């Protein structure tokens, strides 16, 4: 029996990763962080010696890209070959290069194939897949498709709160402004290769601007439960 698929899209800082992971944990579902796969392929490209200025060189590195991940929301691990890259893919070198790699159509096509394999082989009763283009490209036929979003101000404040605290323990206004600028730049770069700010036809928008973290999880779980009952 195939797993019940939930597709979740959303802009940077919307909380889609943490909310999706918590909802998967609550429901006993698998959890697939698609953004991690793009970071993993970027890590692989950097460590394979590919030239980031050459699309052909980056695409050639895909031939040796062997990616796997654990989809247990309580034990998410990412590997390239035998190497555990769970921590390495969050490094500054990967962060600064991931947009360059992810924008290449051949990379997106290759990684989407990886996602389809993971979705098809999960042993859990359901799987929550989150990232970009999930509701329209990766899993357009998912019975539950959600755009999780929030205002730019709310997303910046939440992302700033995740950063290491300053000596005073207070998040300063300039720091929040810097985070807002970084989010805006990230959204602008990602918007060149995917649409994630406006819900496509049949996709439910979940705006968490005025919701707490727990309320957002409950809202997503509610949408999934409703989707199952109508399936």
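Among all residues of segment 114-122, there is none that is farther than 20 Å from residue 37 by Cβ and either at pLDDT below 95 or in a loop (DSSP other than H, G, I, E, B) (or both).
Screening 19, 59 for residues that are within 15 Å of residue 104 (Cα to Cα) and outside any strand (DSSP E or B) leaves exactly one candidate, 59.
Looking only at residues in segment 71-96 that are assigned to a loop (DSSP other than H, G, I, E, B) and in contact with a strand residue (DSSP E or B) (Cβ under 8 Å, 6 or more places away or on another chain), the one that is nearest to residue 21 (Cα to Cα) is 73. When segment 27-52 is filtered for residues that are outside any helix (DSSP H, G or I) and either at pLDDT below 95 or touching a helix residue (DSSP H, G or I) at 6+ places or on another chain (Cβ under 8 Å) (or both), the ones remaining, listed by number, are 29, 30, 31, 32, 33, 48, 49, 50, 51, 52. Scanning segment 210-222 for residues that are in contact (Cβ under 8 Å) with a residue 60 or more places away in the chain and surrounded by fewer than 19 Cβ atoms within 10 Å (Cβ to Cβ) yields 213, 221.
Residues in segment 6-28 that are surrounded by fewer than 24 Cβ atoms within 10 Å (Cβ to Cβ) and either under 16 Å from residue 142 (Cβ atoms) or free of Cβ contacts under 8 Å to residues at least 12 places away in the same chain (or both): 27 only. Any residue at all in segment 183-198 that's assigned to a helix (DSSP H, G or I), at pLDDT below 90, in contact with a strand residue (DSSP E or B) (Cβ under 7 Å, 6 or more places away or on another chain) and at negative phi? Looking through segment 183-198, none of the residues is assigned to a helix (DSSP H, G or I), at pLDDT below 90, in contact with a strand residue (DSSP E or B) (Cβ under 7 Å, 6 or more places away or on another chain) and at negative phi.
The values are calculated or read from the model by the stated rules, or taken from the named source; none is laboratory data. All values reported here derive from a predicted model rather than from experimental measurement. Counting neighbours? That spans all protein chains shown, and the Cβs are built from the backbone with ideal geometry, glycine included.
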